[in-house]
Amino acid sequence: MNHGTIWLHYARPRPHWYELDAARQQALRADWEAVAERALAAHAKKLGTYHIRGNHDFETVEIWTFPDAEAAYTHWLAMTEAAYNEWFAYANNIGFASGP
C-alpha cells in the first residue's frame, strides 16, 4: 500500500480542558481513540506522538501516513465531529511524497 500522504497534527489542550473532571476527559479520549482505530482500519499508520520542547505554540505533534489526502481529511472530519477541536488547539500540515 502506498502511503504517499503524510499528516502532521500539532496540538495543545485549550484552557477549559483542564476544568473537565477525569471521567469526562477519559470519555472524550476514548471517542478520539475510536476515530484513530477507524483510520488505522482504513490503512492509515500512526508513526508516533512526540512532545515538542522549546519555543513552539503546541505541546505535541502526531505523525500519520494515509493512503491519500481524502483519507486524511476523512480522519480529521471524524475528529472534529467527536468535538476534538473544542478541547484542543491545533494546526495540521499535509505533505505528499515526491520523486521516483
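In table form, for the structure just shown:
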| quantity | calculated |
| --- | --- |
| Whichever residue in segment 52-88 is small (G, A, S) and touching an Asp or Glu at 6+ places or on another chain (Cβ under 8 Å) and, among such residues, is farthest from A42 (Cα to Cα) | A83 |
| Selected residue (criterion: farthest from Y10 (Cα to Cα)) from residues of segment 32-90 that are basic (K, R) and touching a strand residue (DSSP E or B) at 6+ places or on another chain (Cβ under 8 Å) | K45 |
| Lone qualifier among T74, T80, T60, T65 - being more than 25 Å from Q26 (Cα to Cα) and either among the basic types (K, R) or modelled with pLDDT of 95 or more (or both) | T65 |
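Each row is one residue, and each column tells you yes or no for (1) under 18 Å from E86 (Cα atoms); (2) of a type outside the set (V, I, T).
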site: A39; (1), (2): no, yes
site: T49; (1), (2): no, no
site: I52; (1), (2): no, no
site: D57; (1), (2): yes, yes
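The values are calculated or read from the model by the stated rules, or taken from the named source; none is laboratory data. It should be emphasised that the depicted structure is a prediction, and the values quoted were computed from it without experimental measurement. Using ideal geometry, Cβ is built from the backbone for each residue, glycine included, and neighbour counts are taken over all protein chains shown.
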